[in-house]
Amino acid sequence: MTEVHIKINGTTYQGNVEDRLLLVHFIRDVAWLKGVHIGCDTGHCGACTVLLNGKPVKSCQIFAVQADGAEVLTVEGLAKGNETSIEQKAFIDNFAIQCGYCTSGMLVMAHYMIRKYPQLTRDQIRDYLHGNYCICTGYAQIVDAVEDAQKNYRKQ
Amino acid sequence: MYPKEFQYHRATSFTDLFDFLEKHEESRILAGGQSLIPMMKLRIASPRFLIDIRHMSDLKLIKYEEGKLKVGSMVTHSELIESQFVNEKFPLLSQAASSIGDLQVRTLGTVGGSICHADPSADYLPALVVLRAELKIRNRKGTRIVPVMDFIKGALTTDLDHSEVLEEVLIPSYKGRSMYEKFSIRKADFSIANVAAILDTLNSKIRDVRIAVGSQEEGAVELFELEQALNDKEFSLEALEAAAKEAVGKLNPLDDIQGSPDYRRHLIVTLIVRMTDDLYHSGRKNYD
């Protein structure tokens, strides 16, 4: 057992956890933030994607103890209260959500991508999202949404 | 799914690392964890102790010294791809790194972790072979340098002893154009066939061509016979196809659900022909 402190969306959460506790379970069961999802558990689907110290990782592929002292951004951290972030609004406007299971991972990736890369093409969006699977939408609307989010982000 | 119980420790220095590895026989070094953690979740690997070397800053350097690129073993694939120097002077390396997994995997996954895991389909392996890479390994007594071909002993097997750590990858500069190609069904999949090639030309003749293929039973294999058939000659598509088919016919590609050996050989020949053709013709443009 190890005592870990992880800052999630600006708040530090503390837990005395087994070393084998995955970060995704820390976020869901210790910090009680249910936005991050477990889709496959084998590290393929990306539904568990969060930002760790500003960079995208699959939280089911890292132990909470490894993230001790780190900062994490989850989907809940994209906007405050009842506001919607640029990415969230773009996903709504472009019908990029059906069941919503992949959506939190997709939103975190979109948040990262539009800030990190200048002028993403549709091909590049697809390329950077290939670690995030969606069974429902067929991806086209998700690519539309990221393009839209990028446009609105640049306008600000 | 979660792994069997284990104890986690963060290494603070090489001494700390070697002390720990020597004290605990059932311990494994944890680098990025992008290969080890999935294996532990499936319980294919169940080390009782994990020693995390992610905070050893000595292992995170990218530098150019004595004519060689030196990449610290804990440099992540993303960091390698984002290095302007590597992109300009050693594009083959960043091309191979860009083919690994997906963006999330590349954030945590490390150059050293990938090499020491030694999956036969690993993207770095054929690239490191044609780049004539050497590996600097550190143990309690000091360091030793091993050429990459001698380091990889087979699938998932390397020359690394239990109480050793890969410190750096050393890559000499090279001339000519380079290319890395990977064939897989989905981008993030393990490769079914992957080839790395470097080619230079002098006047209109091929010079110093190097071709290595991955996803073989032994890991990565350099095609010396093929190189000999092509070197110091003008480009001929027929000769290339014939020589490639002969060389590839002797290979032992992996045999699994992703592809039979014959299918993989067919893919490899296709990749080699396309790549050599491309490297020769666009390389030659620079001389005109």
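The values are calculated or read from the model by the stated rules, or taken from the named source; none is laboratory data. Fair warning: this is a prediction, and the values are worked out from it, not measured in the lab. Backbone-built Cβ (ideal geometry, glycine too); neighbour counts: all protein chains shown.
Tabulated values for the structure
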read-out: Candidates B:L30, B:L36, B:L69, filtered to the one that is more than 20 Å from B:R140 (Cβ to Cβ), facing another protein chain (nearest Cβ under 10 Å), of a type in the set (A, V, I, L, M) and in contact with a helix residue (DSSP H, G or I) (Cβ under 9 Å, 6 or more places away or on another chain); value: B:L36
read-out: Unique match (being touching a residue at least 12 places away in the same chain (Cβ under 8 Å) and either away from chain B (no Cβ under 14 Å) or surrounded by fewer than 20 Cβ atoms within 10 Å (Cβ to Cβ) (or both)) among A:Q124, A:Q141; value: A:Q141
read-out: So B:L61, is it buried (at least 22 other Cβ atoms within 10 Å of the Cβ), in contact with a strand residue (DSSP E or B) (Cβ under 8 Å, 6 or more places away or on another chain) and hydrophobic (A, V, I, L, M, F, W, C); value: no
read-out: Residues that are among the hydroxyl-bearing types (S, T, Y) and either over 16 Å from B:T76 (Cα atoms) or in contact with a strand residue (DSSP E or B) (Cβ under 9 Å, 6 or more places away or on another chain) (or both), drawn from region B:13-56; value: B:S13, B:T15, B:S27, B:S46
read-out: Number of the exception - A:K89 against (1) within 14 Å of the chain's Cα centre (by Cα); (2) part of a helix (DSSP H, G or I); value: (1)
read-out: Those strands (runs of 3 or more DSSP E) lying entirely in region B:170-226 with at least 3 residues β-branched (V, I, T) and farther than 30 Å from A:H44 by Cα; value: B:205-216
read-out: Single residue of B:M74, B:M39 found to be more than 29 Å from B:I171 (Cα to Cα), at pLDDT 95 or above, within 21 Å of the chain's Cα centre (by Cα) and hydrophobic (A, V, I, L, M, F, W, C); value: B:M39
read-out: Subset of region B:1-45 (residues that are surrounded by 19 or more Cβ atoms within 10 Å (Cβ to Cβ), under 18 Å from B:M56 (Cβ atoms) and small (G, A, S)); value: B:A11, B:S27, B:A31, B:G32, B:G33
read-out: Scope region B:1-24; condition at pLDDT 95 or above and in a loop (DSSP other than H, G, I, E, B); matching residues; value: B:P3, B:K4, B:E5, B:F6, B:A11, B:S13, B:H24
read-out: Residues of region B:72-86 that turn out to be out of contact with any Lys or Arg (no Cβ under 6 Å at 6 or more places or on another chain) and farther than 25 Å from B:I145 by Cα, as a count; value: 2
read-out: B:D150 vs. criteria in a helix (DSSP H, G or I), of a type in the set (D, E) and either modelled with pLDDT of 95 or more or over 23 Å from A:G131 (Cβ atoms) (or both); value: yes
read-out: Inter-residue pairs, beta-carbon under 7 Å, first facing chain B (nearest Cβ under 10 Å) and in region A:35-46, second of a type in the set (S, T, Y) and buried (at least 18 other Cβ atoms within 10 Å of the Cβ), 6+ apart; value: A:H44/A:Y133; A:G46/A:Y133
read-out: Residue check for B:A127: in contact with a Phe, Trp or Tyr (Cβ under 6 Å, 6 or more places away or on another chain), part of a helix (DSSP H, G or I) and at pLDDT 95 or above; value: yes
read-out: Subset tally (residues that are of a type in the set (S, T, Y) and surrounded by 21 or more Cβ atoms within 10 Å (Cβ to Cβ)) for region B:236-272; value: 0
read-out: The one condition in (1) touching a strand residue (DSSP E or B) at 6+ places or on another chain (Cβ under 8 Å); (2) at pLDDT 95 or above that B:A242 fails to fulfil; value: (1)
read-out: Counted residues, region B:153-201 - those being within 26 Å of B:V248 (Cα to Cα) and either out of contact with any His (no Cβ under 8 Å at 6 or more places or on another chain) or at pLDDT 95 or above (or both); value: 30
read-out: Subset of region B:72-105 (residues that are outside any loop (DSSP other than H, G, I, E, B), without any contact (Cβ under 8 Å) to a residue 12 or more places away in the chain and within 14 Å of chain A (Cβ to nearest Cβ)); value: B:Q104
read-out: Residue under evaluation A:P118, criteria (1) modelled with pLDDT of 95 or more; (2) in a loop (DSSP other than H, G, I, E, B), criterion not met; value: (1)
read-out: Failed item, numbered, when B:R144 is tested on (1) under 19 Å from B:M179 (Cα atoms); (2) assigned to a strand (DSSP E or B); value: (1)
read-out: Region B:42-66 - residue that is over 19 Å from B:R10 (Cβ atoms) and out of contact with any helix residue (DSSP H, G or I) (no Cβ under 8 Å at 6 or more places or on another chain) and, of those, farthest from the other protein chains (Cβ to nearest Cβ); value: B:E66
read-out: Scope region A:47-92; condition of a type in the set (D, E, K, R), over 22 Å from B:Y2 (Cα atoms) and either surrounded by 20 or more Cβ atoms within 10 Å (Cβ to Cβ) or more than 9 Å from chain B (Cβ to nearest Cβ) (or both); matching residues; value: A:E71, A:E76, A:K80, A:E83, A:E87, A:K89
read-out: Residue satisfying condition, being touching a strand residue (DSSP E or B) at 6+ places or on another chain (Cβ under 7 Å), under 24 Å from B:G101 (Cβ atoms) and not hydrophobic (A, V, I, L, M, F, W, C), within set A:Y112, A:Y101, A:Y139; value: A:Y112
